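A short worksheet on the structure shown next.
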Amino acid sequence: MKRREDLSAPRSRRWQGVQVDTDTFGSFAESIANFIGTARFLVYQTGFITVWILHNVFAPDRLVFDPWSRGFTLLTLVLSIQAAYAAPLILLAQSRQERRDRVMAETDRDVAERTQNDTEFLAREIASVRLSLSDMVTGESFDERLERLTDVVEQLSDDVRSLRTSLDTADED
């Protein structure tokens, strides 16, 4: 027997087995699981079982393939095989759906977080605009301030005139 030189690493397998595209098989499993979960499938299966039983009960003995006397053994076997394949296909479809739901939930959570951040930013911007607008002079307050300034200017003008008049009279004396 030939010895391997390097025993520190496991040897590679030569036979890889059957290569299966998991996405294709998963899609196939989902389509089967989706069909099994429909009313159409239940109607088809009920019709198939009804025809099977009626045929094996009422057909002539030479045409009976699953006799009533043995308790429809072949029908039981067929339904057991169907259940044995249906359960893993349904579980596979559910796990694929869970993965899609998880990705969608993460996406929804990210979108909700971005929306909340945008909303908070816009609320802060609106608050700053409101503060800026509250500091601005409105038309009414501007008119009031202008009227007060006009009154003050007129008062000062009157004071200047009276001072000039008093200075002029003082100079003449």
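The values are calculated or read from the model by the stated rules, or taken from the named source; none is laboratory data. Keep in mind it's a predicted model, so treat the numbers as computed, not measured. Cβ: placed from backbone, ideal geometry, glycine included. Neighbour counts: every protein chain shown.
A single entry from ARG148, ARG62 fulfils the requirement of being surrounded by 10 or more Cβ atoms within 10 Å (Cβ to Cβ) and assigned to a helix (DSSP H, G or I): ARG148.
Has segment 104-118 got any residue that is among the hydroxyl-bearing types (Ser, Thr, Tyr), in a helix (DSSP H, G or I) and under 30 Å from ALA33 (Cβ atoms)?
yes
Would you pick out the residues in segment 123-145 that are surrounded by fewer than 10 Cβ atoms within 10 Å (Cβ to Cβ) and either touching a residue at least 12 places away in the same chain (Cβ under 8 Å) or among the acidic types (Asp, Glu) (or both)? Passing the criteria: ASP135, GLU140. Annotation note: Cβ proximity below 8 Å between a residue of segment 17-37 that is under 8 Å from ALA93 (Cα atoms) and of a type outside the set (A, V, I, L, M) and a residue that is part of a helix (DSSP H, G or I) and at pLDDT 85 or above (sequence gap 6+ or interchain) occurs for GLY26/LEU92; GLY26/ALA93; GLY26/ARG96; GLU30/LEU92; GLU30/ALA93; GLU30/ARG96; GLU30/GLN97.
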